[in-house]
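Working notes, structure below.
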Amino acid sequence: MSRDAGAGLHAHPGLDAHAHHGDLAPADVPVDVDAPDWQTKLREGGYRLTAQRQLVLEAVSRLGHATPEDICVEVRSTAHAVNISTIYRNLELLEELGLVAHAHLNHGAPTYHATTEEPHVHLVCSRCDAVQPVSTELVADVVARLGQERGFRVDVRHVTFSGLCKDCS
């Protein structure tokens with residue numbers, strides 16, 4: 001029986017903030033969901049790139065930081081019968097395989113983005129809701145200090161700073 005039949009992975013490994021630093025990739029760069037490594041990751045996990053998975057990957061790539069509801073609206077523009085539970089199931093699987101990541105940018109639903117982007121933390125304006133990704137290098141000292149002093153390993157994919165953006169301050 002293939003894993004596509006419903007079995008899922010449940011490990012969500014942390015990300016070492018010092019593993020890779022660099023400039024952020026532009027958010028509007030399209031991700032090639034047909035790229036061999038995407039298909040390879042799915043195959044290695046016992047899955048295949050179904051039409052629905054491809055639509056979800058394309059929507060996440062196009063939208064950037066988007067909620068499952070936003071992704072569903074985008075997917076439904078092509079495949080009208082796709083329901084929200086299908087979106088959630090595919091997002092969970094794609095995250096477990098390391099193809100997408102989620103962040104909690106506010107008190108609502110998590111947002112998802114492609115893991116082809118450089119690792120980043122999020123600056124969220126509490127007035128206009130603008131989201132600005134910034135390099136993990138900005139918080140590297142704090143992450144290292146928490147590791148050294150507390151033995152705590154920060155998953156920087158989930159770090160969000162709330163405040164006011166330059167335009168709102």
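The values are calculated or read from the model by the stated rules, or taken from the named source; none is laboratory data. All of these numbers come straight from a predicted model, not from anything done at the bench. Glycine gets a Cβ as well: all are built from the backbone with ideal geometry, and neighbour counts include every protein chain shown.
Miscellaneous remarks
- Every pair of residues 6+ apart whose Cβ atoms lie under 7 Å, when the first sits in region 60-88 and is at pLDDT 95 or above while the second is of a type in the set (Phe, Trp, Tyr): PRO68/TYR88; ILE71/TYR112
- Residue within region 142-155 that is within 15 Å of the chain's Cα centre (by Cα) and farther than 24 Å from CYS168 by Cβ present: yes
- Considering GLU96, GLU58, GLU74, GLU137, the condition of being of a type in the set (Asp, Glu) and in contact with a Lys or Arg (Cβ under 8 Å, 6 or more places away or on another chain) is satisfied by GLU74 alone.
- Some residue of region 24-33 being assigned to a strand (DSSP E or B), buried (at least 17 other Cβ atoms within 10 Å of the Cβ), modelled with pLDDT under 90 and β-branched (Val, Ile, Thr): no
- Check on VAL134, within 15 Å of the chain's Cα centre (by Cα) and either over 30 Å from GLY46 (Cβ atoms) or part of a helix (DSSP H, G or I) (or both): yes
- Members of region 97-106 that are over 24 Å from VAL124 (Cα atoms) and touching a His at 6+ places or on another chain (Cβ under 7 Å): none
- Only one entry of GLU69, GLU74, GLU95 meets the criterion of being assigned to a helix (DSSP H, G or I) and touching a strand residue (DSSP E or B) at 6+ places or on another chain (Cβ under 7 Å), and that entry is GLU95.
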